[in-house]
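Visitor: Encoded as structure tokens, here's the structure I'll be asking about.
The values are calculated or read from the model by the stated rules, or taken from the named source; none is laboratory data. Since the model is a prediction, treat every value here as computed from it, not as a measurement. Quick reminder, even Gly has a Cβ in these numbers, built from the backbone with ideal geometry, and neighbours come from all protein chains shown.
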Number of protein chains: 4
Amino acid sequence: MKKMRAILKRAAEPGLVLEEVPRPEITADEVLVRVRMAGICGTDVHIHHWNDWAQGRIKTPRILGHEFVGEVVEIGKRVSGVTAGSLVTAEGHFSCGNCTLCRTGNAHVCPQTQILGVDTDGAFAEYVRVPATNLWPIPEGIPLEWAAIHDPLGNAFHVVLTADVGGKTVLVTGCGPIGLFAIGVARAAGASRVFATEVDPQRSKMALGEGADRVIDPRTEDVRKIIQDETRGEGVHVVLEMSGNPEALRQGLRVVRNGGRVQWLGLPENSVSLDLTRDVIFKGLTIYGVTGRLMYDTWYAMRNFLLGRRYDPSGVITNRVPMERFEEGFTTAAAGQSGKVIIDVSGSNT
Amino acid sequence: MKKMRAILKRAAEPGLVLEEVPRPEITADEVLVRVRMAGICGTDVHIHHWNDWAQGRIKTPRILGHEFVGEVVEIGKRVSGVTAGSLVTAEGHFSCGNCTLCRTGNAHVCPQTQILGVDTDGAFAEYVRVPATNLWPIPEGIPLEWAAIHDPLGNAFHVVLTADVGGKTVLVTGCGPIGLFAIGVARAAGASRVFATEVDPQRSKMALGEGADRVIDPRTEDVRKIIQDETRGEGVHVVLEMSGNPEALRQGLRVVRNGGRVQWLGLPENSVSLDLTRDVIFKGLTIYGVTGRLMYDTWYAMRNFLLGRRYDPSGVITNRVPMERFEEGFTTAAAGQSGKVIIDVSGSNT
Amino acid sequence: MKKMRAILKRAAEPGLVLEEVPRPEITADEVLVRVRMAGICGTDVHIHHWNDWAQGRIKTPRILGHEFVGEVVEIGKRVSGVTAGSLVTAEGHFSCGNCTLCRTGNAHVCPQTQILGVDTDGAFAEYVRVPATNLWPIPEGIPLEWAAIHDPLGNAFHVVLTADVGGKTVLVTGCGPIGLFAIGVARAAGASRVFATEVDPQRSKMALGEGADRVIDPRTEDVRKIIQDETRGEGVHVVLEMSGNPEALRQGLRVVRNGGRVQWLGLPENSVSLDLTRDVIFKGLTIYGVTGRLMYDTWYAMRNFLLGRRYDPSGVITNRVPMERFEEGFTTAAAGQSGKVIIDVSGSNT
Amino acid sequence: MKKMRAILKRAAEPGLVLEEVPRPEITADEVLVRVRMAGICGTDVHIHHWNDWAQGRIKTPRILGHEFVGEVVEIGKRVSGVTAGSLVTAEGHFSCGNCTLCRTGNAHVCPQTQILGVDTDGAFAEYVRVPATNLWPIPEGIPLEWAAIHDPLGNAFHVVLTADVGGKTVLVTGCGPIGLFAIGVARAAGASRVFATEVDPQRSKMALGEGADRVIDPRTEDVRKIIQDETRGEGVHVVLEMSGNPEALRQGLRVVRNGGRVQWLGLPENSVSLDLTRDVIFKGLTIYGVTGRLMYDTWYAMRNFLLGRRYDPSGVITNRVPMERFEEGFTTAAAGQSGKVIIDVSGSNT
């Protein structure tokens, strides 16, 4: 049996290991991909740390990783239209394809969704198997690192493109990797003025680099007053909440203008108390909960932004580690001061 | 100086009085209306009881009442297109007309809005003055009682018509007057199955009469299980939250299907704690805070529904009292067992 | 080899024959259905008559028929979730599933679409094979005849549900079967006033029966004046063009109000000359070309309308013929005076 | 009586004159503006040349001009919120404000609209009077020349912002001034690839300068083949038709992809013959007729694009002439080789 190296949760406890494991076997409808690079997501950090959510969801052993790029090395016998050797990534949300939601353009919230690297073995490995339906070919002109982060970048495009930001003022609350992506994507999509809130100085600086017109530190500055002053007292048209922080969630509702739109992508760990009457109902707000990506509208639009060089995510990719130094990558990703951390699985970067 | 009878808050304390007061003088841009009927709103009950909100908002003395119908008796000299003697009601939200929101179709959330019977003297009086811009002529074919409740009925149309209910399953949480209206309006707009939750047996019965397919008592029945059972396990497409009750708000988020739409109209008195990650973000929900009516899209659509007899609100109008028995009307409205209570100001009904 | 009876175009010339032909063999991803009833569509009539379009598109021999209901009798070995004996129909547009359009909710306009009974053998036969992906199970509560016409009924739902007709005035130009369906569906979806134009007296009468408020004969009455008179001079909000007649197309643009919406479903045979400046651009119209059904949003909504008895198409189904009298059915369908004609394949109705 | 210089149509015949005429008197609801600059529109050229449309619409004598910037010099006594000396332009479509369309966000297609410089005396004059409701203050940071062309620039924003171009491929047919604006605005709003068609070499060069990725000469190149080749055979997502040329109108329908969107702004002089079945209905297109600007959504968004320097129209403003050389300006504007021509009324540029 062929072997490969993989980063996995071996047992139901904190920590991950890099081990040799069997290389996956594909079914007739699947494709085997040799992984080149893979991105570390906050979800991976949670599984590493073994938080409550991870304990309830993850069955061990489990190979992590759902953001990746690689090349097709084996093709299931019922799969057509896929070329061996071609560069691909995949939509890591495997929806059922048969339910009402899947059949009406809502596959991103299919209740039967299995997630790569969470419910099935993932891409922090030399090889990963994925259903052919979820493959996404990487066209020429897309750098490898951009391809490796289609998943989180897609989240940023989803959050921006469903908010109709053209000619509008936008506040991004929280400048982790997806928040940083969202700043640049909002600018590329025509947002006229982009504010951001962030507590870490390095991320604040990156936010400015990505095109934020002003970055506010919510611990030392009066976010609401600043936003009011810079928007003729009206508040921003759109809030993109990327932090999951309860204070940021409440603040977003305060500083969006009446009739505005709020996109919630960041995941609060606990219930959040909100003044719905004052901050949502009387303001006539629309709130949209953002999960995953619209299949596959978001990725088609993203591909066009990337190929046309209307948006360049390179500045947000700040760290690369080879597979054997994955712990260093996880530490960086968990520290809240970096952009996206990429694991170089195949040694492409080293 | 001409006098008139009016129901007013005389001093900053609980209670209302029926007194003789001066008849209002109109400006060049206003119209004086002799009131025929006026509806009692929950807001009026709050002002009567002098709750926290009322104490913070109401300046005394103040004549209450913002739902009404009457006939034009005096016309400001700069007003055109209004005929003396014609039947009218008025949009009781007086927006500024000049701000960004007013100039972009969001007058319903204009921050400078003054509300009739709250910030200016209202329609629980023999005469009321209103800005000509806000007048709404009542065409032939609209009964007087329907005209008297255009304001709350408009709220129901707003909540339904912005939810795209055609061919969809709908849950209405809370069967006060606006909830009861919403049931019938949802049916008229093509909702395929309408569920309602309500604790009061009389209102539950009315909900069935208005066209609810099933009314559930959330204290004795398992709302979630029933909804799941009757929607192939998917949940409803749309929730119209009309109660402001925290449990109903949370329940609405649980029983709406993934990708669904939730309309919040009921006003919770305090902050509400919500599991946003599980119940909003992972579900990919859209939530819309409903306040007032879209000026004047909602009323034009409502007029067409009413004139075409696609919807008939008569069943929800359950109580009429003459002006001198207003206390009885308020007691009924506050009891949570009736439909809409109308004050017969001119003796039309007696 | 098993045989079956089928109505087919034997050679590239006018006419159809009823013959014994081999029963179809299914692939692993297909299902064999024993047909109970099938509807005659205008497209079938064109193929029968062998018009220009048919001559360019149809390869003979070809079994016609794309509207049908039947029961599953054989299930391909890779198909899951389908029960032998269950009642089904199918979406007869077989889109490729892989192109950009298919992957972004636009499968109804996939350029690779193959149409049942046009590009593959159809349902005017005792047995028909269909891809499992396109199967649509018929739930209890849906009469057999309704199931047999899901295809054209879906067109009517598509045309109405994409036009947001709630509280609006609607003109349906042309009262063939789909136009007649559209009248009732528009009413069920909340249209406040439905006008129709039609030249045939029988169809005009049916239009009234289906809920049209007024049916106008464009040859003897002044359509524009009547519409203006009955809409306060504004014109209708929405036009549903179902005839393909150039005069009706032009008239629809004249009588829709400024800012209104026009849905084009009827297929003109030749190019049509339009005054775009006056009738489209200065009016600020939106025009939508309606083809097929949104997969599968339209059918889910339709199922709910039908199951909830919000709409009943029975009145539009006017003629049934047994298979051997198919010529009579085609003659009726071609005459322009009937509603939908159904071929009773299995003798269910006889 | 005070006098001023103005460019006007003196009599019902071709030609314009520069004459001394009485300075306009304002009403209580109007404002008098001293004009600084004014743009020449194709409409002005038509009035100059006295084409059929102009002969039917214009009453002489009439001062032309509806694109302008100037400073407030006199304020009607019922006008509030306007400061003497402030820079302004105005929405030149004076809608009635009272009709259903005006009250439901469709003022841009109000049938009672009067147009500045067409139905009332315009801005090719030292002074112009405008209703206060239509004033648009020019904030700091907007150059005078940009302010002078808010009207046609607003058309370009209208055509782009209602087409949802983010991440999409766009074809602009016709590179007159509004077409040239539209190219840049589409890029600023996130269009991933912008094609243009144009016959004049100078305008083609300008189109490239404004950000078109490729400009095609429809007389010498195969537009359809080029578009197919560069869009994976799919066609463009969006066509912005700015020419009014029948061939361009037909070509736009051919090269837009199925399910795509077509915006018609250019005004064909005669009826146009279209293959609706093949090119609109079977393709499932949406077509939108663009007239004027959405009041005032378009201008608010435009202001944000301009203030945030997300879009800069300077490159499209190619010619300036002093008032006395207006004939030269009209000749240039009519020649089809320039960008926007501005008349410097006050000598600001000289």
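Visitor: Regarding C:D200, is this residue of a type outside the set (K, R) and under 22 Å from B:G184 (Cα atoms)?
Guide: Considered against the rule, which asks whether it is of a type outside the set (K, R) and under 22 Å from B:G184 (Cα atoms), C:D200 comes out as no.
Visitor: Given the structure, is C:R325 without any contact (Cβ under 8 Å) to a residue 40 or more places away in the chain, of a type in the set (K, R) and assigned by TED's automatic domain parsing to the domain that holds C:V109? Full working, then the answer.
Guide: Numbers: without any contact (Cβ under 8 Å) to a residue 40 or more places away in the chain: yes; of a type in the set (K, R): yes; assigned by TED's automatic domain parsing to the domain that holds C:V109: yes.
For C:R325, the condition - without any contact (Cβ under 8 Å) to a residue 40 or more places away in the chain, of a type in the set (K, R) and assigned by TED's automatic domain parsing to the domain that holds C:V109 - is met.
Visitor: If we scan the stretch C:314-334, do we find a residue that is among the aromatic types (F, W, Y) and within 27 Å of C:A6 (Cα to Cα)?
Guide: Checked the stretch C:314-334: at least one residue is among the aromatic types (F, W, Y) and within 27 Å of C:A6 (Cα to Cα).
Quick grid of which residues meet (1) of a type outside the set (S, T, Y); (2) in contact with a strand residue (DSSP E or B) (Cβ under 9 Å, 6 or more places away or on another chain):
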position: C:R303; (1), (2): yes, yes
position: C:G308; (1), (2): yes, yes
position: C:S314; (1), (2): no, no
position: C:I317; (1), (2): yes, yes
position: C:T332; (1), (2): no, yes
position: C:G336; (1), (2): yes, no
position: C:S346; (1), (2): no, yes
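Visitor: So which of C:G211, C:G179 ends up being more than 14 Å from chain B (Cβ to nearest Cβ) and either under 24 Å from C:A148 (Cα atoms) or free of Cβ contacts under 8 Å to residues at least 12 places away in the same chain (or both)?
Guide: C:G179 is the lone residue from the list that is more than 14 Å from chain B (Cβ to nearest Cβ) and either under 24 Å from C:A148 (Cα atoms) or free of Cβ contacts under 8 Å to residues at least 12 places away in the same chain (or both).
Visitor: So, one more: What strands (runs of 3 or more DSSP E), lying completely within the stretch C:1-70, carry at least 1 residues that are in contact (Cβ under 8 Å) with a residue 60 or more places away in the chain, charged (D, E, K, R) and in contact with a Lys or Arg (Cβ under 9 Å, 6 or more places away or on another chain)?
Guide: Answer list for the stretch C:1-70: C:30-39.
Visitor: Which of the following residues is away from chain A (no Cβ under 14 Å), touching a residue at least 40 places away in the same chain (Cβ under 8 Å), under 23 Å from D:E247 (Cβ atoms) and not small (G, A, S): D:V159, D:V118, D:V172, D:V199?
Guide: D:V172
Visitor: Also, I was wondering about something else. Against the definition (closer than 30 Å to C:N134 by Cβ and in a loop (DSSP other than H, G, I, E, B)), how does C:T291 come out, yes or no?
Guide: Against the criterion (closer than 30 Å to C:N134 by Cβ and in a loop (DSSP other than H, G, I, E, B)), C:T291 qualifies.
Visitor: Please count how many residues of the stretch D:294-303 are hydrophobic (A, V, I, L, M, F, W, C) and either modelled with pLDDT under 95 or part of a loop (DSSP other than H, G, I, E, B) (or both).
Guide: Of the residues in the stretch D:294-303, 2 are hydrophobic (A, V, I, L, M, F, W, C) and either modelled with pLDDT under 95 or part of a loop (DSSP other than H, G, I, E, B) (or both).
Visitor: Which residues, taken from the stretch D:300-316, are crowded, with 22+ Cβ neighbours inside 10 Å and more than 9 Å from every other protein chain (Cβ to nearest Cβ)?
Guide: D:P313, D:V316
Visitor: Let me ask something additional. For the stretch D:329-348, how many residues are more than 20 Å from the chain's Cα centre (by Cα) and part of a helix (DSSP H, G or I)? Quick ask: steps written out before the conclusion?
Guide: Step one: of the stretch D:329-348, the residues more than 20 Å from the chain's Cα centre (by Cα) are D:346-348.
Next cut, part of a helix (DSSP H, G or I) only: none.
Qualifying residue count, the stretch D:329-348: 0.
Visitor: For the stretch B:265-275, give me the residue count where each residue is touching a helix residue (DSSP H, G or I) at 6+ places or on another chain (Cβ under 7 Å) and either over 28 Å from B:L180 (Cβ atoms) or β-branched (V, I, T) (or both).
Guide: Within the stretch B:265-275, the first condition is being touching a helix residue (DSSP H, G or I) at 6+ places or on another chain (Cβ under 7 Å), and the residues that meet it are B:265, B:267-268, B:272, B:274.
Narrowing the set further to residues that are either over 28 Å from B:L180 (Cβ atoms) or β-branched (V, I, T) (or both) leaves B:272.
Qualifying residue count for the region: 1.
Visitor: Same structure, new question: Counting just the residues of the stretch B:236-284 that are at the interface with chain A (Cβ under 8 Å from one of its Cβ atoms) and part of a helix (DSSP H, G or I), which one comes out nearest to the chain's Cα centre (by Cα)?
Guide: B:L249
Visitor: Further, regarding this structure: Going through C:A84, C:A123, C:A54, C:A107 one at a time, which residue ends up being touching a helix residue (DSSP H, G or I) at 6+ places or on another chain (Cβ under 6 Å) and modelled with pLDDT of 95 or more?
Guide: C:A54
Visitor: Report, by residue number, each residue of the stretch A:2-22 that is surrounded by 15 or more Cβ atoms within 10 Å (Cβ to Cβ) and basic (K, R).
Guide: If the condition is that a residue be surrounded by 15 or more Cβ atoms within 10 Å (Cβ to Cβ) and basic (K, R), then A:R5, A:K9 are the ones that fit.
Visitor: Suppose we keep only residues that are surrounded by 24 or more Cβ atoms within 10 Å (Cβ to Cβ) and within 14 Å of chain A (Cβ to nearest Cβ) within the stretch D:285-298. Which one would you say is farthest from the chain's Cα centre (by Cα)?
Guide: D:T298
Visitor: Okay, next question. Of all residues in the stretch C:94-136, how many are in contact with a Ser or Thr (Cβ under 6 Å, 6 or more places away or on another chain), within 13 Å of C:F68 (Cα to Cα) and not aromatic (F, W, Y)?
Guide: Summing the residues that are in contact with a Ser or Thr (Cβ under 6 Å, 6 or more places away or on another chain), within 13 Å of C:F68 (Cα to Cα) and not aromatic (F, W, Y) in the stretch C:94-136 gives 0.
Visitor: Does any residue of the stretch D:62-74 turn out to be within 14 Å of chain C (Cβ to nearest Cβ) and within 27 Å of D:A12 (Cα to Cα)?
Guide: Among the residues of the stretch D:62-74, not one is within 14 Å of chain C (Cβ to nearest Cβ) and within 27 Å of D:A12 (Cα to Cα), which makes the answer no.
Visitor: How many residues are in contact with a strand residue (DSSP E or B) (Cβ under 9 Å, 6 or more places away or on another chain), outside any loop (DSSP other than H, G, I, E, B) and more than 19 Å from A:N155 (Cβ to Cβ) when one looks only at the stretch A:178-201?
Guide: Going through the stretch A:178-201 one residue at a time, the tally reaches 2.
Visitor: Is it fair to say B:T220 is farther than 19 Å from B:A156 by Cβ and within 14 Å of chain C (Cβ to nearest Cβ)?
Guide: Values: farther than 19 Å from B:A156 by Cβ: yes; within 14 Å of chain C (Cβ to nearest Cβ): no.
Spelling it out, it is not the case that B:T220 is farther than 19 Å from B:A156 by Cβ and within 14 Å of chain C (Cβ to nearest Cβ).
Visitor: Next up: Of the numbered conditions (1) touching a Ser or Thr at 6+ places or on another chain (Cβ under 7 Å); (2) closer than 30 Å to B:M302 by Cβ; (3) not hydroxyl-bearing (S, T, Y), D:E71 satisfies every one except a single condition; which is it?
Guide: In the conditions (1) touching a Ser or Thr at 6+ places or on another chain (Cβ under 7 Å); (2) closer than 30 Å to B:M302 by Cβ; (3) not hydroxyl-bearing (S, T, Y), D:E71 misses (2) alone.
Visitor: Moving on to the next point. Using the structure shown, decide if D:E241 is acidic (D, E), modelled with pLDDT of 95 or more and surrounded by 23 or more Cβ atoms within 10 Å (Cβ to Cβ).
Guide: So D:E241 fits the description; yes.
Visitor: Looking at B:V82, B:V109, B:V88 in this structure, which one is within 25 Å of B:W146 (Cβ to Cβ), surrounded by 18 or more Cβ atoms within 10 Å (Cβ to Cβ) and not polar (S, T, N, Q)?
Guide: B:V88
Visitor: Only one residue in B:V280, B:V262 is assigned by TED's automatic domain parsing to the domain that holds B:L240, farther than 27 Å from B:C102 by Cα, in contact with a helix residue (DSSP H, G or I) (Cβ under 8 Å, 6 or more places away or on another chain) and in contact (Cβ under 8 Å) with a residue 12 or more places away in the chain. Which one?
Guide: Testing whether each residue is assigned by TED's automatic domain parsing to the domain that holds B:L240, farther than 27 Å from B:C102 by Cα, in contact with a helix residue (DSSP H, G or I) (Cβ under 8 Å, 6 or more places away or on another chain) and in contact (Cβ under 8 Å) with a residue 12 or more places away in the chain leaves just B:V280.
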